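Quick note: the coordinates plus some simple rules give every number you see, no bench work behind them. Here the structure is a predicted model, which means the values were calculated and not measured. Here the Cβ positions follow ideal geometry from the backbone for every residue, glycine too, while neighbour counts run over all protein chains shown.
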């Protein structure tokens, strides 16, 4: 049986699935940040005209998905599969959006790594010929995440300095195997992450919980592909935030594969400016989703980037296991994107 | 003059009790909920061994407004009820003494919740 | 992990300890001096306000000392509830930390904020049930501690 695997854990995509289009919709605070020009829409109303934040988040997903499909020159009926997820219990934002889209749906949970997880699976489905066009969507909402993981909005407590700010927004990307359509970039390699848990229990320091998983996936990706950090214009991690990013740089230094800080950045650091009082930066599935589908795809289109390793990281904790004293399992999935030569 | 003295004593003692709480937050990574539980139990204990009474007499609201004062109120209520009605006071005294604060928080909380909507922070 | 008796090997434990030290080194710290100062000033101010209500009750409203003290607590609870509803108290809490949550204002805020947050889940299982999610433990352990004390005190009174 022929295989598309190289090395220990990397998948080559010989057909190089095409990223046709991406759309991003972000909330007010994100719209005040440095990437404001890269979002398709900025929604000032935290409820997005709905009665609850959960429905608002779902609408973020729906609007991002329909915008991405339209930008790809497709109709929802042409999509063979939609993959997506969010942070809510039972990923309801994704399910309720899929209810409106009528596309065969696979719901995913990878915490903040969801965008990379869905891109990895969509690229494999397309490359294997199991889908002609596939849709990847992920979202998060500050208000839904706070009430589920932390405290009510009006509760007066201090956020510790290592905390990150959940991004309100949704990003959606169309992956296609159709050779006749112009691509913004193409997916070439997938490295699926494994859980790495270094016994971090502090739910307010998720960057530290995820950084070892990011280092593990990076190390395996380089070993499998024979590439080095220098082969990428940009290594874009998910939402490690300030602490996690610094820890990742230190871990890779230790492993003799130092990352160039000017060519390795984190979605959580890109999305907010230091003056926005988010402490260690952004987080949430929506963070890497909007940075990738807005900012990064724009830079591919403009020819500014040739090869990017997108690696979203997830802190797979739940309030229940946290209260039981469990440490936080971290994960990171990587997908290599290349400009269409 | 007496009024200013009372206000100053409330400020100093109340502020000090809060600063100890903040010290615990920053040093021990205890969540606010755990510190509050610790404070009320500490209030019950300090009052039971006779240490909190003098502080309360000295500082007024500086001792009664912090959550330790809530514990002190529970203890004094239980003690008085036992003196008045005997054993059943063990169960009636604490909440009787603190009923006003609890009822106020429940009622105002419900009222505000019916009227106001929470907003995301800027 | 599923083997209850298994502890990490000494080598693994050393790796974990080294990682923990790395994280500690790279994580920003809260500023202790600033935190204590803010908690002291804001907490002190709230208690001073409470003392103001006590004085008001004693001298203008003809209350007993006990009634004036209760009156002050109720007023602080009322003010906190209003400030929470107006979306101001979370900012005070963010600024002052324990200075805001150690006084009875924190108890009130801990009841009002979840009640507001969960009205969308209904008036019974939303507002009604969630009102006590944060403040409930305080009552549970406070009342339990006072009952334990009461039993001891009662035993002392009948034996002594």
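General observations
- Considering C:21, C:98, the condition of being exposed (fewer than 12 other Cβ atoms within 10 Å of the Cβ) and under 30 Å from residue A:324 (Cβ atoms) is satisfied by C:21 alone.
- Candidates B:33, B:10, B:63, B:42 - the one that is part of a helix (DSSP H, G or I) and more than 21 Å from residue B:104 (Cβ to Cβ): B:42
- Candidates B:112, B:65, B:55 - the one that is in contact with a helix residue (DSSP H, G or I) (Cβ under 8 Å, 6 or more places away or on another chain), crowded, with 24+ Cβ neighbours inside 10 Å and in contact (Cβ under 8 Å) with a residue 24 or more places away in the chain: B:65
- Residue within segment C:56-68 that is surrounded by 22 or more Cβ atoms within 10 Å (Cβ to Cβ) and farther than 18 Å from residue B:9 by Cα present: no
- Filtered residue count, segment B:30-52, keeping only those that are farther than 19 Å from residue C:110 by Cβ, surrounded by fewer than 20 Cβ atoms within 10 Å (Cβ to Cβ) and facing another protein chain (nearest Cβ under 9 Å): 1
- Qualifying positions in segment A:190-234 - part of a helix (DSSP H, G or I) and free of Cβ contacts under 8 Å to residues at least 40 places away in the same chain: A:219, A:222, A:229, A:230
- Top-ranked residue of segment B:66-77 - restricted to ones that are under 22 Å from residue C:98 (Cα atoms) and in a helix (DSSP H, G or I), ranked as farthest from the other protein chains (Cβ to nearest Cβ): B:72
- Residues (in a loop (DSSP other than H, G, I, E, B) and in contact (Cβ under 8 Å) with a residue 60 or more places away in the chain) located in segment A:149-178: A:159, A:160, A:161, A:162, A:163, A:164, A:167, A:168, A:177, A:178
- The helices (runs of 4 or more DSSP H) found entirely in segment C:46-143 that carry 2 or more residues being within 18 Å of the chain's Cα centre (by Cα) and away from chain A (no Cβ under 11 Å) are C:65-85, C:104-117.
- Qualifying residue in segment A:286-300 (condition: surrounded by 23 or more Cβ atoms within 10 Å (Cβ to Cβ), assigned to a loop (DSSP other than H, G, I, E, B), in contact (Cβ under 8 Å) with a residue 40 or more places away in the chain and in contact with a helix residue (DSSP H, G or I) (Cβ under 7 Å, 6 or more places away or on another chain)): no
- Unique match (being in contact (Cβ under 8 Å) with a residue 40 or more places away in the chain, in a loop (DSSP other than H, G, I, E, B) and within 16 Å of residue A:177 (Cα to Cα)) among A:122, A:131: A:131
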